[in-house]
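Below is one structure, written out as structure tokens, with a few remarks after it.
The values are calculated or read from the model by the stated rules, or taken from the named source; none is laboratory data. Not measured: the values here are computed from a predicted model. All Cβ positions, glycine included, derive from the backbone under ideal geometry; neighbour counts span all protein chains shown. Accessible surface is based on the protein model in full, side chains and every heavy atom, while ligands, DNA and RNA are left aside. Shrake-Rupley method; radii C 1.70, N 1.55, O 1.52, S 1.80 Å.
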Amino acid sequence: MRKLLKLRGFYLFLGLAGGSFGPYLTSLLVHNGLDSSQIGMLMATGTFIAIIIQPMWGIISDRYNQTRLVLILSVAVPALLAVFYRSEYFFVLMLVFTLSTIFSSTQAPIADSYAIAAAKRAGSTYGSIRLMLSIGAAVGSLIGAKYVSTFSVSTIWMPFLLFNTLAVLIALSLPKQAEENHMMRQSFSQGVRQLIRNRVFLAFLGGSLLVNQTMTAFGTYFVVAFQSVGGSMQYAGIALFIASVTNVPSMLLASKIIKKLGRERTLLIGALIYVLRWGIQVAFPYPSVMIGVQVLHGLSFGLFYISAVEYVSQITSADMQATGQSIFNMVFSGFAGILGNVLNGFLLNQGGVNAMNLSCVLSSAVGAVLLVYVARNTSRKLPVISNEVGF
């Protein structure tokens, strides 16, 4: 029980940090003289480099028994580097974002590994832990909006540093290794080859990529897009709060829906809500609609993410859990981030909000089609691969 409380506190402060900083990073970069295309290129390049390096974290965390250390570094280093986002030099901003992403890219797989193992041991659910991140993000978005309205956007790194420091203090009290979790005990390259031979898993990854790349239109460009159609920074904070807080009931609801309909159908429902969400914004590109539609953000992301993480846990065998979650995270956050940041940044810069939103409708619709295939064909776990260690 104490471990569950610690993990919930850890996720809460991560949410506060990300919610108070992430949505306003684009505004800070615009303030520093970058346009949306440059921002997309900066974020895509940094994410690509981070993906290449990410497997290194699995080797460090397991071969050297340093899972907790890697988790702490994934929080502390981006927090310390955030102060350098005040620079006006593109090269410096690119370097800072790349280094931050290299460290933060391993945060989700390792934190989720702790959460899944702790939830199983306590008879709880992963969603009941993960929802604290959404609560933190909801409150953090309001804190960020108030902070930016009161102080200069160039100092938005200060609350980010504070909340991440609190998260690090909690992480220091976690076990050195996640209980009941096989963190890449076998060869990462062998694990990748084993997983990509499964067509259903590939379709799942493809659907996740196409659905989640649309999230950069929200996560990276929402504030800029909202202001471009006449919205204010204050109301942008309200929209971000709605988006995050509606994740909470969604993630609690996800476990019940999964039990009733299964992970695959829940994934599909989440993807279809993505299509509806972006379709509404194409039809009604107004600030008031962009605020109200964020209720669908909470519903779509909450259902999709919880069912996706649990689906990966279900379809992969016991000693492939970390490999499966890492590959999912590389696609869901990494490759989707690259595609989305470049594509949506270009479309926003060249065609405006409607062009970006229309692209999101089409992308999430194709992703939903792939998930129909997944729902119809998932019937067995992947076979166990050998326990050789290497890369």
Could you grab the pairs with beta carbons closer than 6 Å, sequence gap of 6+ or different chains, first residue in region 105-133 and under 14 Å from residue 170 (Cβ atoms), second one open to solvent by 40 Å² or more (accessible area, probe 1.4 Å) and not aliphatic (A, V, I, L, M)? 129/8; 132/8
State whether the residues of region 32-43 include one that is in contact with a Pro (Cβ under 7 Å, 6 or more places away or on another chain) and at pLDDT 85 or above. no
Take the residues in region 330-348 that are open to solvent by 20 Å² or more (accessible area, probe 1.4 Å) and modelled with pLDDT under 85; name whichever of them is nearest to the chain's Cα centre (by Cα). 333
Do we have residue 240 as in a helix (DSSP H, G or I) and out of contact with any Ser or Thr (no Cβ under 7 Å at 6 or more places or on another chain) here? no
Have a look at 105, 124 and point out the one that is open to solvent by less than 30 Å² (accessible area, probe 1.4 Å) and polar (S, T, N, Q). 105
What do you reckon, is residue 268 open to solvent by 10 Å² or more (accessible area, probe 1.4 Å) and either at pLDDT 90 or above or over 17 Å from residue 364 (Cβ atoms) (or both)? yes
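Per-residue answers, yes or no, for (1) open to solvent by less than 20 Å² (accessible area, probe 1.4 Å); (2) assigned to a helix (DSSP H, G or I); (3) at pLDDT 85 or above:
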site	(1), (2), (3)
281	yes, yes, yes
285	no, no, yes
290	yes, yes, yes
296	no, yes, yes
300	yes, yes, yes
304	yes, yes, yes
308	yes, yes, yes
314	no, yes, no
321	no, yes, no
Look at residue 129 and say whether it is open to solvent by less than 10 Å² (accessible area, probe 1.4 Å), modelled with pLDDT under 80 and either in a helix (DSSP H, G or I) or hydrophobic (A, V, I, L, M, F, W, C) (or both). no
Can you tell me which residue in region 86-100 is farthest from residue 45 (Cα to Cα), limited to those that are assigned to a helix (DSSP H, G or I) and either at pLDDT below 80 or open to solvent by 20 Å² or more (accessible area, probe 1.4 Å) (or both)? 86
